[in-house]
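Notes follow the structure.
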Amino acid sequence: MARVSLIVLNSPGLDWPVDRIEAYRAGLEQAGYPVEVLAISDPDSGSRSTFDQSWLRSIVATGPGLAEAAVSGIRLARSPLIVVVDLAMPYTSADLLAVVEALVSGQVVLAISSRPVIGVVGAVSRRFLGTTDPTSGMIGLSQASAVAADDSFAPVGSQFTLELLARVAGRRGDVPVDPVRSVAKSATLLADLRQVKRLADDRFGLVSRLIQFCFVGASGMVVDLSIYAILQLVLARTALAGLTAPIVGGSLALAVAAVLAIATALTWNFSINRRLTFNDARQGSIPRQYLRYVLSNLLGIGVSLSLRLLLPIKLPFFRAHRLAAAVVGIVAATGISFSMARWFVFGSKPSSHAGRPVKVPARRCEGFRTMSWTRLSRPIAPLEGASVARSPFDSTL
């Protein structure tokens with residue numbers, strides 16, 4: 001029978017359920033599967049967990065979060081089959097055995113213990129990830145597939161199953177289990193959101209970044225229009241209201257309000273884009289990047305400013321609805337701003353793995369090629385009690 005590396009993870013602050021780990025090991029060995037058990041501790045817990053059991057290896061992960069812990073364990077696993085279990089979710093030995101047998105059947109590369117998930121969330125998840133339960137706490141994979149995906153791992157957050165689903169190529173199958181709920185309190189929501197963003201950037205590239213850029217731009221538009229409306233009211237009561245703006249004409253008060261609103265929105269957009277959309281290109285001087293951002297957006301600023309000032313002069317509709325003219329200018333400038341920010345301000349090609357931790361040296365199982373992977377391609381019958389899916393990630397990432 002194939003040997004299994006059982007990687008058990010535990011959230012900081014929770015006691016290690018040694019009795020359950022022993023039950024997992026005993027259940028697999030009784031079914032004929034030799035087992036090595038790796039207990040991966042979070043470095044934020046303060047120290048390596050110690051166990052009296054000689055059959056259990058205690059290891060400290062290279063970084064915080066369950067996703068990092070899972071990858072650390074996978075890189076040290078020495079068996080052809082690997083199963084990662086979140087001990088905060090009380091799966092049974094039967095659940096674990098079902099995942100292992102799904103792998104042994106050879107019909108899937110990833111076996112996910114899937115709790116019942118219905119509705120739009122389950123359907124969308126199955127379409128894009130090949131499983132209805134991307135937040136599962138137990139997933140099995142072959143070591144060959146783990147080796148092939150090793151260079152692409154960039155774990156953050158607590159959703160290790162999502163990391164493996166997105167990085168590991170091949171057929172994946174849901175192994176139904178009874179509903180289980182995590183006993184750990186989630187304190188890593190921000191890290192989990194970072195993980196989802198990183199995976200979206202890796203998978204969808206410019207489309208993902210453009211969507212984020214547009215969301216930031218939408219928030220900047222709210223800032224812009226709010227400041228613009230307020231300043232119009234304020235400056236209309238000043239001497240600027242009776243003066244004419246140079247070049248474009250019209251009220252100088254309106255021109256000053258427009259310039260100040262655009263400057264405020266520009267600073268807002270730069271700050272959020274640097275932190276969110278192009279967060280992997282935050283090296284270097286902030287003043288220098290800001291100056292480049294301003295210079296690169298001069299064309300967009302000119303387009304936006306010209307439209308919001310000229311349209312009210314030329315067209316009666318925009319004369320009565322000046323904020324609408326501002327909206328037209330903002331939309332027209334978005335494409336220019338994104339292109340310049342993407343390729344000039346924040347680097348020619350942001351790296352999706354910037355800041356990833358140093359890789360742990362791994363000891364690999366003999367009999368597997370270390371840097372190759374052949375995708376299963378022949379038609380197969382569904383697993384008994386499991387559903388098999390081919391997802392958009394069913395290719396080498």
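Every number in this text was worked out from the coordinates using simple rules, so none of it is lab data. Not measured: the values here are computed from a predicted model. As a convention, Cβ positions derive from the backbone with ideal geometry for all residues, glycine included, and neighbour counts pool all protein chains shown.
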- [ ] Please arrange V109, V222, V71, V248 by counting, for each residue, the other beta carbons lying within 10 Å of its beta carbon, fewest first.
- [x] V222, V248, V109, V71
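With the cut-off at 1.5 for a/c, could you classify segment 1-147 from its C-alpha gyration tensor as rounded, prolate or oblate? Write down the numbers at each step before the final one.
Values: a/c = 1.64, a/b = 1.24, b/c = 1.32.
Note, shape of segment 1-147 comes out oblate.
Rounded to the nearest 20 Debye, what is the dipole magnitude of segment 206-345 about its Cα centre when Lys and Arg each give +1 and Asp and Glu each give -1 at the C-beta?
Values: 12 positive and 2 negative charges, 22 e Å.
Dipole of segment 206-345, to the nearest 20 debye: 100 debye.
Determine, for V256, V216, V4, the number of other Cβ atoms within 10 Å of each Cβ, and report the residues in order from fewest to most. List each step's numbers first, then the result.
On the way: V256 18, V216 22, V4 29.
Starting with the residue having the fewest Cβ neighbours, the order is V256, V216, V4.
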- [ ] Report the full-extension gain for the segment T267 to F344: residue separation times 0.36 nm, less the Cα-Cα distance, to one decimal in nm.
- [x] 26.0 nm
- [ ] Would you compute the Debye intensity of segment 206-345 from its alpha-carbon atoms alone, equal scatterers and no solvent, and pass along log10 I(q)/I(0) at q = 0.15 Å⁻¹ to two decimals?
- [x] -0.73
Open item on the list: Residue by residue through segment 82-93, what is 3J(HN,Hα) from phi via Karplus (6.51 cos²θ - 1.76 cosθ + 1.60, θ = phi - 60°)? Round to whole Hz and write x for glycine and proline.
Closed with: 10, 10, 10, 10, 8, 6, 6, 10, x, 5, 8, 4
Task: Pair L260, L206: separation of 7 Å Cα→Cβ label points (nm) - done: 3.9
TODO: Would you mind putting 223-234, 86-97 in packing order, based on average other-beta-carbon counts within 10 Å, highest first?
DONE: 86-97, 223-234
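For S105 and D178, what does the FRET efficiency come to when R0 = 25 Å and r is the distance between their Cβ atoms, rounded to the nearest 0.05?
On the way: r = 21 Å, r/R0 = 0.85.
Once rounded, the FRET efficiency stands at 0.70.
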